[in-house]
Amino acid sequence: MAAQVARHGVLMRQAFSVANHELINWFPGHMAKGLTQMQQKLKGVDCVVEVHDARIPLSGRNPLFEKRLGLATLKPHLLVMNKVDLADPRCRQDVKEYYEKQGVPQVIFTNCKEPNSPGVKSIVRKVSRAIKDSERYSRSEETSYSVMVIGIPNVGKSSLINALRARHLGRSKATRVGAMPGITQSVLEKIKVCEDPKVYLMDTPGVLAPRITNVEMGLKLALAATIKDHLVGEDIIADYLLYRLNLMGNHKYVKFLGLDAPTDNIQDLLISAAVRNNWLRRVRDHRGINTCPDIISTAARFIRAFRMGVFGRITLDDVP
Ligand SMILES: Nc1nc2c(ncn2[C@@H]2O[C@H](COP(=O)(O)OP(=O)(O)OP(=O)(O)O)[C@@H](O)[C@H]2O)c(=O)[nH]1
Ligand SMILES: [Mg+2]
């Protein structure tokens, strides 16, 4: 049994265990196809911008990118940590230093909901510099840059392209964005995001590693919405969220869900919250039509609140 410590008179878990240790396998056809298209188009690209979610700065970066696209060796490579508005700002310096040690010199922190935020503003300049500094840059007359934007699903690749377009060209969205993973389904044509220098960005589908073998990493990826919720289960994601919040001593969920006190029991939490807030569903049984607590939609509301930052800015990885 996992170790527990008392907080607010309640025993809280110090480790998370799931009954079902099934690994997450989610590699739909569009991801495999996207990866092949990316490989084919890489030749004409001057720089690769990898977007990741700042709430999981270490978890889930796809090893296939390194393997199939040869990022570090072939092209100038910038790592963008997006959604900083949702991540703990205290982790930023540690993330930067961690990646510097790994040989990734450029880590840029962005909030793509704000085209005029400092990170977004710096991208074109840093891309131009990285290309000019690269050994392979021999086209001295060339003033147009072609950049491929890659990353796992739902981290904000398309949002970054739209934010840069809004920032430098004052133009509206050119590529579709959505709260669910798997919105961009194929490698798109180049989209102009800046006039001077001329910078063209290529949007790509989010590609996850085909097998996620580490259960806790899978849960973090799910909580950050990079995997479709139903593949893991809303109740399991909600349980992991509860465990993490309690571990941090963050009990903002009590007020948000209308509970009396913190709890470490997800079933109690979901049932109480559903009853208190009238989040019920109709069921038909031998007595006719009745209502019962809607556990899954309550779990989904709890998870959505985390993703909107209701419980504060939280980074899920421990950065060494
Ligand atoms: N809070 C916050 N939300 C963001 C940010 N950037 C993007 N989002 C949201 O994240 C979700 C995913 O954005 P997309 O741009 O579609 O992500 P993507 O990486 O292109 O996703 P796929 O095409 O599905 O791989 C959308 O709901 C965006 O509004 C950010 O910096 N902060
Ligand atoms: Mg997209």
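The values are calculated or read from the model by the stated rules, or taken from the named source; none is laboratory data. All values reported here derive from a predicted model rather than from experimental measurement. Note that we place each Cβ from the backbone using ideal geometry, even for glycine, and neighbour counts take in every protein chain shown. Side chains are part of the model used for accessible areas, which takes the heavy atoms of the whole protein and leaves out ligands, DNA and RNA. Shrake-Rupley method; radii C 1.70, N 1.55, O 1.52, S 1.80 Å.
Odds and ends about this structure:
- Rounded to whole numbers, the Karplus 3J(HN,Hα) couplings from phi for region 263-276 are 9, 10, 10, 5, 5, 4, 4, 5, 5, 4, 5, 5, 5, 4 Hz, using 6.51 cos²θ - 1.76 cosθ + 1.60 with θ = phi - 60°, and x at Gly and Pro.
- For the chain, built as a Gaussian network whose Cα springs stay under 10 Å, the top-fluctuating residue of Asn290, Asn162, Asn82: Asn290
- Interchain or long-range residues, amide H under 5 Å from Cys194's placed H: Val199
- Scalar couplings 3J(HN,Hα) for region 224-231, obtained by applying the Karplus form with A = 6.51, B = -1.76, C = 1.60 to θ = phi - 60°, are 7, 6, 9, 10, 5, 4, 5, 5 Hz; x denotes Gly and Pro.
- Applying a DSSP loop filter and a limit of 14 other Cβ atoms within 10 Å to the GluC sites (Glu not before Pro) in region 20-122 leaves Glu22.
- The chain: most fluctuating residue of Ile152, Ile227, Ile295 per GNM, C-alpha cutoff 10 Å: Ile295
- Residue with peak Gaussian network fluctuation, the chain [Cα springs, cutoff 10 Å], from Val107, Val283, Val49: Val283
- Fraction of accessible area attributable to carbon and sulfur, region 28-209 (%, probe 1.4 Å): 48 percent
- Per-residue packing, averaged as other Cβ atoms within 10 Å, sorts the ranges 144-150, 12-18 into the order 144-150, 12-18, beginning with the highest.
- Prolate/oblate/rounded call for the chain, Cα gyration tensor, a/c under 1.5 rounded: prolate
- By average C-beta atoms within 10 angstrom, highest first, the peptides 202-208, 38-44: 202-208, 38-44
- Database remark: amide H of Asn154 closer than 5 angstrom to the amide H of Gly182, Ile183, Gly206 (H placed geometrically; neighbours at sequence offset of 5 or more, or on other chains; Pro and chain starts carry no H).
- Prolate/oblate/rounded call for region 167-308, Cα gyration tensor, a/c under 1.5 rounded: prolate
- Within region 139-218, the trypsin sites (Lys or Arg not before Pro) that combine a DSSP coil assignment with at most 12 other C-beta atoms in a 10 angstrom radius are Arg139, Arg176.
- Reachable lysines from Lys198, criterion Cα separation under 22 angstrom, eight or more residues apart if same chain: Lys41, Lys43, Lys75, Lys121, Lys126, Lys132, Lys157, Lys173, Lys190
- Under 5 Å, built H, 5+ apart or other chain: amide partners of Ile108: Leu79, Val80, Met81
- GluC sites (Glu not before Pro) within region 140-200: DSSP coil, no more than 12 neighbouring Cβ in 10 Å: Glu141, Glu189, Glu195
- Basic side chains Lys and Arg get +1 at the Cβ, acidic Asp and Glu get -1 at the Cβ, and with that the dipole of region 28-209 about its Cα centre reaches some 280 debye.
- Label point distance in nm, Ala261-Val10, each placed 7 Å from Cα along Cα→Cβ: 0.9 nm
- Helix 295-307 and the longest principal axis of the C-alpha atoms of the chain enclose an angle of approximately 40°.
- About its Cα centre, the chain has a charge dipole of approximately 840 debye under the convention of +1 per Lys or Arg Cβ and -1 per Asp or Glu Cβ, with nothing else charged.
- Global form of region 28-209, assessed from the alpha-carbon gyration tensor, a/c cut-off 1.5: rounded
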